[in-house]
1. Identify all residues within the stretch 123-158 that are of a type outside the set (A, V, I, L, M) and touching a residue at least 60 places away in the same chain (Cβ under 8 Å); write none if there are none.
2. Going residue by residue through the stretch 253-268, is there one that turns out to be surrounded by 12 or more Cβ atoms within 10 Å (Cβ to Cβ) and β-branched (V, I, T)?
3. Looking at the stretch 219-268 only, could you name the residues that are outside any helix (DSSP H, G or I) and touching a residue at least 12 places away in the same chain (Cβ under 8 Å)?
4. Could you give me the residue pairs with C-beta distances under 9 Å whose first residue belongs to the stretch 11-38 and is assigned by TED's automatic domain parsing to the domain that holds A139, whose second residue is more than 8 Å from the ligand (Cβ to nearest atom) wherever it lies, and which are 6+ apart or on separate chains?
5. Determine whether the stretch 17-28 contains at least one residue that is more than 15 Å from the ligand (Cβ to nearest atom) and surrounded by 11 or more Cβ atoms within 10 Å (Cβ to Cβ).
6. Does E162 meet the test of being in contact with a strand residue (DSSP E or B) (Cβ under 6 Å, 6 or more places away or on another chain) and either exposed (fewer than 13 other Cβ atoms within 10 Å of the Cβ) or among the charged types (D, E, K, R) (or both)?
7. Which numbered condition trips up E237, out of (1) charged (D, E, K, R); (2) under 30 Å from Y89 (Cβ atoms); (3) out of contact with any His (no Cβ under 9 Å at 6 or more places or on another chain)?
Amino acid sequence: MDKPVSVQQFKCTQCGGELHPDEGQRFVTCPYCSSTVYLDKSCVVFHWYLAPTLDEGKARAALARWMAGNETVKDLDKKSRVVAVTFQYFPIWYLKQRREGRENIFLELAAATSVSELKRLHLPAGDLRRYDPVLDATAQPPTVPLQAALDWLAERNVDAAEIVESALVHVPLYAFKYQYDDQRYTAVVEGATGRVFANIYPAKAEAPYLFVGGLTAAVFFCLATLPVAGALIEGGEGLGIGLLLLLALGVPAALLLLGLAAWVASRV
Ligand SMILES: [Zn+2]
């Protein structure tokens, strides 16, 4: 009654058992050893997921900490408003290279995303679990073939022959859309470590800091010329007077500039 669903032969990477996926089926559980595998063209790889440790409330708290931190504009946590949050398992290719006795892990994004910063993602070691089909509803299928990921590695001079293990890993991500100053931004919170990824965000303005830094350099350069000038004009005695002046003026100047820097930091 059933027509043959696939002409291709797939073998489980764990036990070697024959897999008979339905047409178009990519996520497969081995009927013999219940490994979960992913079928990518002719190739079968392990399929893992990273278990989330953060619920939405904790992810929101991680986002708020990042917004209150030093990268973003002051009080972003208070001045912005989260307008949407979505959760999904995002696919990445996990490639293990063995070279000269050492193992290196490479990760490549397995689907398109507007948050390309995600390529800085790290997997916490030891937290990978066997993929569960229950997750299908919230798991984005990969759109980047494994071969494309291997080609990217080849461009970085990683030899495909040295890749001893490939796997598909689904990583839990909370995507937050938030509003700040009539602009909408996206930030992604990784659901296992709470790390935040964002391509564009309201950043701290740098100009006031550069100004204070420049002013500090100029003031102390001028002060440093005092002993030199003293020595040139009056010899040894002039040098002493110059050094005393440097101390007398340098300490209050340093305090003033420190105060200015603190004031700038409190405002920007
Ligand atoms: Zn198996």
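1. Of everything in the stretch 123-158, those that are of a type outside the set (A, V, I, L, M) and touching a residue at least 60 places away in the same chain (Cβ under 8 Å) turn out to be P124, D127, R129, R130, Y131, D132, P133, D136, P141, P142, P145, Q147.
2. Among the residues of the stretch 253-268, at least one is surrounded by 12 or more Cβ atoms within 10 Å (Cβ to Cβ) and β-branched (V, I, T), which makes the answer yes.
3. The initial filter retains those residues of the stretch 219-268 that are outside any helix (DSSP H, G or I), namely 235, 268.
Passing the criteria: only V268.
4. The qualifying pairs do not exist here.
5. yes
6. yes
7. Just one mismatch for E237, condition (2).
Residue by residue, here is whether (1) farther than 29 Å from T72 by Cβ; (2) in contact with a strand residue (DSSP E or B) (Cβ under 8 Å, 6 or more places away or on another chain) holds:
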{"residue": "V115", "(1), (2)": "no, yes"}
{"residue": "G126", "(1), (2)": "yes, no"}
{"residue": "L146", "(1), (2)": "yes, yes"}
{"residue": "L150", "(1), (2)": "yes, yes"}
{"residue": "N157", "(1), (2)": "yes, no"}
{"residue": "A167", "(1), (2)": "yes, yes"}
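The values are calculated or read from the model by the stated rules, or taken from the named source; none is laboratory data. Quick caveat: nothing in here was measured; it's all calculated off a predicted structure. Neighbour counts are summed over all protein chains in view; Cβ atoms, including those assigned to glycine, are modelled from backbone coordinates with ideal geometry.
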